[in-house]
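Visitor: Before anything else, here's the structure in question.
The values are calculated or read from the model by the stated rules, or taken from the named source; none is laboratory data. These numbers come from a predicted model, not from an experiment. Ideal geometry is used to build each Cβ from the backbone, glycine not excepted, and the neighbour counts take in all protein chains shown. These area figures cover heavy atoms from the full protein model, side chains too; ligands, DNA and RNA do not enter into them. Shrake-Rupley method; radii C 1.70, N 1.55, O 1.52, S 1.80 Å.
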Amino acid sequence: MTLSRTTEPDDVVVPALPAAVLWDMDGTLVDTEPYWIQAEHELVAAHGGEWNDEFAHQLVGNALEVSAQLIIDQSGIALTVPEIIDALLGRVIAQVERRVPWRPGARELLLELGTLGVPSLLVTMSWRSLAHMVVARLPEGAFVHLVTGDEVSHGKPHPEPYLAAARLIGVDPADCIAIEDSPAGVRSATAAGVPTIAIPHVVPVPPIEGAVHIDTLAGVGAADLTRIVSPLRSSR
């Protein structure tokens with residue numbers, strides 16, 4: 001991989017590009033969080049429960065099993081966790097079939113990384129059925145691997161999803177960069193040792209060690225990624 005010399009005080013040579021970019025999906029690559037929130041409202045109302053956006057925001061970025069249990073606890077509806085997951089996924093997949101709402105700059109950055117030979121992996125707590133629906137709207141090979149919520153033992157904020165992604169391509173998590181939008185996702189990536197770019201969207205992301213905040217991916221190119229996370233590496 002091409003090297004470039006940084007302007008760090010100790011003049012450390014670092015890769016000009018990350019070994020891989022590990023992407024969250026909902027809220028980061030695609031603006032599907034409103035689809036999830038709408039689905040939650042519809043499902044709870046259909047079963048006689050009560051729901052609001054404050055409850056919905058507590059679910060953002062979590063494993064679907066965790067979110068489903070929170071729906072049961074907060075709304076009191078008489079459904080099981082698997083029934084809630086299936087119902088929510090069905091509603092969101094139907095929305096994505098009609099329209100994929102890409103987040104600003106995300107698709108452009110993803111495709112640029114591909115042209116430069118930097119592997120991208122999708123690390124999402126959505127299940128493969130939905131992730132595949134989104135990935136199918138991209139050029140073939142845009143993602144080299146998918147890590148989905150139905151294929152890990154511990155979902156975000158546990159580090160397992162990001163550790164699994166790094167293992168799939170045999171790289172050190174510290175040589176990758178994660179892109180996330182939620183507190184749970186940022187905690188997952190940073191706990192795995194992945195320098196993380198946090199782009200808060202539906203819910204705020206507090207300061208978390210190992211992450212830097214930016215407002216948007218619009219205008220961010222592949223060559224900018226290492227520069228953005230350089231304060232994290234210089235502080236190690």
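Visitor: Using the Cα gyration tensor of region 33-98, with a ≥ b ≥ c the square roots of its eigenvalues, what is the shape: rounded (a/c below 1.5), prolate (a/b larger than b/c) or oblate (neither)?
Guide: Rounded, because the longest to shortest axis ratio a/c is under 1.5.
Visitor: Please work out the average accessible area per residue across region 33-98, using the 1.4 Å probe convention, and give it in Å².
Guide: 47 Å²
Visitor: As a test, work out the antiparallel percent of DSSP beta bridges whose residues both lie in the chain, rounded to the nearest 5.
Guide: Percentage antiparallel, nearest 5: 20.
Visitor: Given a 1.4 Å probe, how much area per residue of region 125-224 is accessible, in Å²?
Guide: I get 41 Å² per residue for this part.
Visitor: Toward the positive end of the charge dipole of the chain, about the Cα centre and with charges on Cβ (Lys, Arg +1; Asp, Glu -1), which of 218, 144, 28 goes farthest?
Guide: Towards the positive end, the residue furthest out is 144.
Visitor: Assign one of three labels to region 144-195, namely rounded, prolate or oblate, based on the Cα gyration tensor with a ≥ b ≥ c the square roots of its eigenvalues; rounded applies when a/c is under 1.5, prolate when it is not and a/b is larger than b/c, and oblate otherwise.
Guide: It is oblate, given that a/c is not under 1.5 and a/b is not larger than b/c.
Visitor: Follow-up question, since we're still on this one. Accessible area of the chain with a 1.4 Å probe: how many percent of it is carbon plus sulfur?
Guide: Result for the chain: 53 percent of the exposed heavy-atom area is carbon or sulfur.
Visitor: Determine the gain in length on full extension of the stretch residue 154-residue 233; use 0.36 nm per residue of separation and subtract their C-alpha separation, reporting nm with one decimal.
Guide: This chain segment gains 25.7 nm when fully extended.
Visitor: Any chance you could run the full-extension gain for residue 46 through residue 115? It's 0.36 nm times the residue separation minus the Cα-Cα distance, nm to one decimal.
Guide: Difference between extended and current length: 20.2 nm.
Visitor: Another question, if that's okay. Helix 64-75 versus the longest principal axis of the chain: what is the Cα-based angle in degrees, 0 to 90, to the nearest 10?
Guide: Taking the Cα atoms of the chain, the angle to 64-75 is about 40 degrees.
Visitor: Then there's this: What percent do you get for the relative contact order of the chain when only Cα pairs under 8 Å and 6+ apart count?
Guide: 23 percent
Visitor: Taking the Cα of residue 58, stepping 7 Å toward and past its beta carbon, and measuring to each backbone N in region 73-88: which are under 11 Å?
Guide: Only 73-76 pass the distance filter.
Visitor: So what is the relative contact order for region 33-98, in percent, with contacts set as C-alpha pairs under 8 Å and at least six apart?
Guide: The normalised contact order for region 33-98 reaches 37 percent.
Visitor: So if a site counts as exposed when it's one of the GluC sites (Glu not before Pro), its DSSP state isn't H, G, I, E or B, and it has at most 13 other Cβ atoms within 10 Å, what's the longest stretch of the chain without one?
Guide: 51-139
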